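See structure below.
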Amino acid sequence: MAPERDIEIHGLVDRRFSRVRDAFAANFAEFGDIGAACCVYVRGHAVVDVHAGVADATTGAPWCDDTIAMVFSSTKGVTAACASLLVERGEIDPDAPVARYWPEFAQGGKESIPVRWALSHRAGVPAVDAALTLDECLAWDPVVRAVAAQRPEWEPGTRHGYHARSYGWMAGEIVRRVAGKSLGRFFREEIAEPLGIDFWIGLPESEESRAARLVPPTPPDDPRVKELYDQFMGPGTLLSRVMTGPSNLFHYDEMWNTRALRAAEMPSSNGIGSAHALARLYASMIGEVDGRRLLAAETIARATGEQSRGTDAVLGMPTAFGLGFMLPPSLCLAAAPTAFGHPGAGGSLGIADPKAGFALGYVMNRMDMGLTGDPRARALVAAVYESLEA
């Protein structure tokens, strides 16, 4: 794969993985990347760790080796790692009712919903219908109270549907009740700091200057595509309530570049970190990194065991989930069946394949909302498999 124009790429590339570098360069030439980074770990060691382009298209500031970027739903994989760590420690039982840890959640007929369903998008609470302000959503307690009071959209356990934001509020509150600290703090203290992972859920002001400026997706200009978009995302549709709610507050626009959105803790949506951080996190879940392993193999097998598969009641397309982790093929069309991880709106991806022995992180600032997965991330994952097989 050869790029159509030159792009200056910085960082580490093992010669065996030159295909990944070529795919990364092609993402700029063919798919319009503005600034991005990609990191690949194999058997616990970084073999690719590259970045290129600009972190802020309004100023031309370059993407540096310490640039971090918001990864939207790739955050869900980080949140799943936190929950899995507490499961491994015996502090969370996936088959126990959520209400055992969070009694208020029993409202509205949700008293029997197990943690397992909350993590695998089967709880039936994908939308939060309470009238809330943005400040209330970002403050945590008001929106969590609204989730606890919400009546299920369908009979829990009978189907699955993407809990785009409520996944993070449910998982985060379970972790908070069990660990006695917010999910963002739990992740920092129990995972990120011990393993040297440059990733945040709730970005401190001290790190603000390193954050790349997101370039929101452009609206569709094809009338047929726009009509289809309006059909699925029109006011009052379940998909719209899930993706823009509560109170039609959330849209993929400049709001995500504000200090308020970066500083809050939204364990489904606003994690900020580097490609290296995502790759290192996933590498530590499938093996040792610098002599440390985050989760036992048995824990990963349990967390990635299929819980949900089939037509998604929210998205209307096939998806598959374990206990918080997304599974192939909805994870990434290039991934083998043994892979797990989570993609994020706009194109980011954190992924690992225990059988192949690799982990990959990809972050970028130009958002592209493709319906069949991001071609940039897909090309990078395909290049890793090709390199391993060569």
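Structure data summary
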item	result
Answer from R145, R188, R151, R213 - the residue that is touching a Ser or Thr at 6+ places or on another chain (Cβ under 9 Å) and of a type outside the set (D, E)	R213
Criterion violated by P94 - all others in (1) more than 20 Å from S284 (Cα to Cα); (2) part of a helix (DSSP H, G or I); (3) not aromatic (F, W, Y) satisfied	(2)
Check on S308, within 22 Å of D368 (Cβ to Cβ) and buried (at least 16 other Cβ atoms within 10 Å of the Cβ)	no
Flag for A148 being assigned to a strand (DSSP E or B) and over 21 Å from the mean Cα position of the chain (by Cα)	no
Residues located in the range 250-270, provided they are free of Cβ contacts under 8 Å to residues at least 24 places away in the same chain and within 17 Å of the chain's Cα centre (by Cα)	H251
Matching residues, the range 104-122, being part of a helix (DSSP H, G or I) and either at negative phi or crowded, with 16+ Cβ neighbours inside 10 Å (or both)	E104, F105, A106, Q107, V115, R116, W117, A118, L119
Selection count where residues are in contact (Cβ under 8 Å) with a residue 60 or more places away in the chain and buried (at least 20 other Cβ atoms within 10 Å of the Cβ), scope the range 354-384	15
V87 of a type in the set (V, I, T), within 19 Å of the chain's Cα centre (by Cα) and under 30 Å from A359 (Cβ atoms)	no
Near pairs, Cβ below 6 angstrom, 6+ apart or cross-chain, from the range 335-351 (within 17 Å of P217 (Cα to Cα)) to any residue that is of a type in the set (D, E) and in a loop (DSSP other than H, G, I, E, B)	G347/D368; G347/D374
Within the range 168-194, considering residues that are over 19 Å from the mean Cα position of the chain (by Cα) and under 16 Å from H276 (Cα atoms), the one surrounded by the fewest Cβ atoms within 10 Å (Cβ to Cβ)	E193
Filter result (crowded, with 16+ Cβ neighbours inside 10 Å and more than 20 Å from the chain's Cα centre (by Cα)) within the range 151-161	P152, E153, W154, P156, G157, R159
Number of the exception - T59 against (1) hydroxyl-bearing (S, T, Y); (2) outside any loop (DSSP other than H, G, I, E, B); (3) surrounded by fewer than 18 Cβ atoms within 10 Å (Cβ to Cβ)	(2)
Selected residue (only one of V87, V125, V54, V50 is of a type in the set (A, V, I, L, M), within 26 Å of I201 (Cβ to Cβ), in contact with a Leu (Cβ under 8 Å, 6 or more places away or on another chain) and not in a helix (DSSP H, G or I))	V50
Any hit, the range 53-64, residues being touching a Lys or Arg at 6+ places or on another chain (Cβ under 7 Å), over 20 Å from M367 (Cβ atoms) and either modelled with pLDDT of 95 or more or hydroxyl-bearing (S, T, Y) (or both)	no
Tabulated pairs, the range 205-219, first in contact (Cβ under 8 Å) with a residue 60 or more places away in the chain, second part of a helix (DSSP H, G or I) and among the aromatic types (F, W, Y), C-beta under 9 angstrom, 6+ apart or interchain	L214/W256; P216/W256
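Results for (1) without any contact (Cβ under 8 Å) to a residue 12 or more places away in the chain; (2) within 26 Å of M364 (Cα to Cα); (3) of a type in the set (V, I, T), shown as yes or no for each residue.
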site: I272; (1), (2), (3): no, yes, yes
site: H276; (1), (2), (3): no, yes, no
site: I286; (1), (2), (3): no, yes, yes
site: V289; (1), (2), (3): no, yes, yes
site: S308; (1), (2), (3): no, no, no
site: L315; (1), (2), (3): no, yes, no
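The values are calculated or read from the model by the stated rules, or taken from the named source; none is laboratory data. As the structure is a computational prediction, the values presented were derived from the model and not from experiment. Cβ coordinates were reconstructed from backbone atoms using ideal geometry, including for glycine residues, and neighbour counts include every protein chain displayed.
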